[in-house]
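A.B. asks: Take a look at this one; I'll ask things after.
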Amino acid sequence: MEAKTPINKTLYRSYRGELSKLTFNSKPIINDLSKLATANVNDAETILKAIEDHLRFSVPNLKLPAFYLLDSIVKNVGGMYMDLLYGRLERIFVDVWKTVDAEVRAKMERTLRTWRDGFDGGPKNLFPEFVLRKIEEDVAKLKARATGNVAVVPVAEGGVDILDNLTSMQSYAKKRAQEERKQSIEQATSARAGAYDAANGSNGRPLHPPKRQRTPDRAQ
């Protein structure tokens, strides 16, 4: 098991302190915090931990500015931050989305689309398609649950990548494993039955003679 990256406690406290200044969507503050993230890329885990905790514990009206900071780091810093976000982006996005109002949710969803489609000539496909697709599916399910409708997730432009079907692939693998296990049990049962017949049979004759066939009654 891979050892967890240790947190730089001094940097964590310092960055959390700076995050407390982000009480509105301030581009200068977001730029300064992004620069700090760049300067401390070797402690990317600590920076992300500070942002995650800020998003988790701050009141709803302070979450969007911190979410925009995360977006700035994704688009302007990248590198190690992207590698660390692959496995946690879905949880971060959905946890924030569930706690904010409809207006903030719409802004978050617009940002999500820029991670795939680019923004103002910026890079496209910042995250693997299956990462973005999973977030969209989770959001669609939450919306459907709230309205009582069936969740419908639009297919990304250009078709569906094989990674989009990760859940289906996992379900298929589970079903296949169950079928193989069932087949193995049936083969083992058949083998035991054969061994029993061989041990108790005589000259290849069946243990139980076949039932006598009943002939139809003849008309008198």
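A.B. asks: For a paramagnetic label modelled at 7 Å from the Cα of Ala39 toward its Cβ, which residues of the stretch 12-27 fall within the zone defined by backbone nitrogen distances under 19 Å?
C.D. replies: Label zone hits: 12-22, 27.
A.B. asks: To continue, here is another question. Going down the table (Lys9/Lys143; Lys9/Lys141; Lys21/Lys141; Lys107/Lys134; Lys21/Lys49; Lys27/Lys143), which pairs top 28 Å between alpha carbons?
C.D. replies: Lys9/Lys143; Lys9/Lys141; Lys21/Lys141; Lys27/Lys143
A.B. asks: On the protein heavy atoms, probe 1.4 angstrom, tell me the percent of accessible surface of the stretch 1-71 carried by carbon and sulfur. Let's see the in-between values first.
C.D. replies: Working: 2320 of 4130 Å².
C and S atoms contribute 56 percent here.
A.B. asks: Let me ask something additional. Could you work out how far apart the two model spin labels at Arg110 and Arg88 are, taking each label as a point 7 Å from the Cα in the direction of the beta carbon, and quote it in nm?
C.D. replies: Taking the simple label geometry, Arg110 and Arg88 are separated by 2.8 nm.
The values are calculated or read from the model by the stated rules, or taken from the named source; none is laboratory data. Because the structure is predicted, anything quoted here is derived from the model rather than measured. As a convention, Cβ positions derive from the backbone with ideal geometry for all residues, glycine included, and neighbour counts pool all protein chains shown. Please note that ligands, DNA and RNA were not included when accessible areas were found on the heavy atoms of the full protein model with its side chains. Shrake-Rupley method; radii C 1.70, N 1.55, O 1.52, S 1.80 Å.
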